[in-house]
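Visitor: Dropping a structure here in structure tokens format, bear with me for questions.
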Amino acid sequence: MSNNKAVKREVTRKCVGCGEIKPKADMMRVVKSSEGVISLDATLKANGRGAYICKSADCIKKAIDRKGLARSFKCELSDGVRDSLLEEFDKLGIR
């Protein structure tokens, strides 16, 4: 007799900064809303186009410098948006 229980797979996402694949729960989500506002989504559930970044200040900087976020959102990030994202990461104590 076989056991037909489904095996639940861990959901993974790729970091747009470093390119590593990690569990979704270990990542931060940056979202672009339908109004075009780009912000950090701590809940991982906000409506809009999302991109995932490791919980590391280096990865957010890489995602900005290497244009990973710009590619994900198909738009250029303004200096204000860059500063805002870096500030939000800093407020969360992510180093």
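Only the coordinates and a few stated rules stand behind these numbers; no lab work does. Worth saying up front: this structure is predicted, and the values here are computed from it rather than measured. Positions of Cβ are generated from backbone atoms using ideal geometry, with glycine treated the same way; all protein chains shown enter the neighbour counts.
Visitor: Considering only segment 41-69, state which residues are without any contact (Cβ under 8 Å) to a residue 12 or more places away in the chain and under 16 Å from CYS18 (Cβ atoms).
Guide: If the condition is that a residue be without any contact (Cβ under 8 Å) to a residue 12 or more places away in the chain and under 16 Å from CYS18 (Cβ atoms), then ASP65, LYS67 are the ones that fit.
Visitor: Name the single residue that is surrounded by the fewest Cβ atoms within 10 Å (Cβ to Cβ) among those in segment 29-45 being under 20 Å from SER78 (Cβ atoms) and among the hydrophobic types (A, V, I, L, M, F, W, C).
Guide: Restricting to residues being under 20 Å from SER78 (Cβ atoms) and among the hydrophobic types (A, V, I, L, M, F, W, C), the top hit is VAL37.
Visitor: While we're looking at this one, here's another question. Given the criterion crowded, with 16+ Cβ neighbours inside 10 Å, touching a Phe, Trp or Tyr at 6+ places or on another chain (Cβ under 7 Å) and of a type in the set (D, E, K, R), identify the matching residue among ARG82, ARG13.
Guide: Just one listed residue meets the conditions, ARG13.
Visitor: Now for a separate question. If only one of LYS74, LYS32, LYS61, LYS45 is closer than 19 Å to VAL11 by Cβ, charged (D, E, K, R) and more than 10 Å from the chain's Cα centre (by Cα), which one is it?
Guide: LYS45
Visitor: Further question: If a residue must be without any contact (Cβ under 8 Å) to a residue 24 or more places away in the chain and either in contact with a Leu (Cβ under 7 Å, 6 or more places away or on another chain) or under 20 Å from LEU77 (Cβ atoms) (or both), how many such residues does segment 1-28 contain?
Guide: Residues in segment 1-28 being without any contact (Cβ under 8 Å) to a residue 24 or more places away in the chain and either in contact with a Leu (Cβ under 7 Å, 6 or more places away or on another chain) or under 20 Å from LEU77 (Cβ atoms) (or both): 1 in total.
Visitor: What strands (runs of 3 or more DSSP E), lying completely within segment 1-78, carry at least 1 residues that are in contact with a strand residue (DSSP E or B) (Cβ under 6 Å, 6 or more places away or on another chain) and over 21 Å from GLY93 (Cα atoms)?
Guide: 12-14, 21-23, 27-32, 49-54
Visitor: Consider ILE38 carefully, then state whether it is touching a residue at least 60 places away in the same chain (Cβ under 8 Å) and either touching a helix residue (DSSP H, G or I) at 6+ places or on another chain (Cβ under 7 Å) or on the phi < 0 side of the Ramachandran plot (or both).
Guide: When the stated conditions are applied, ILE38 does not pass them.
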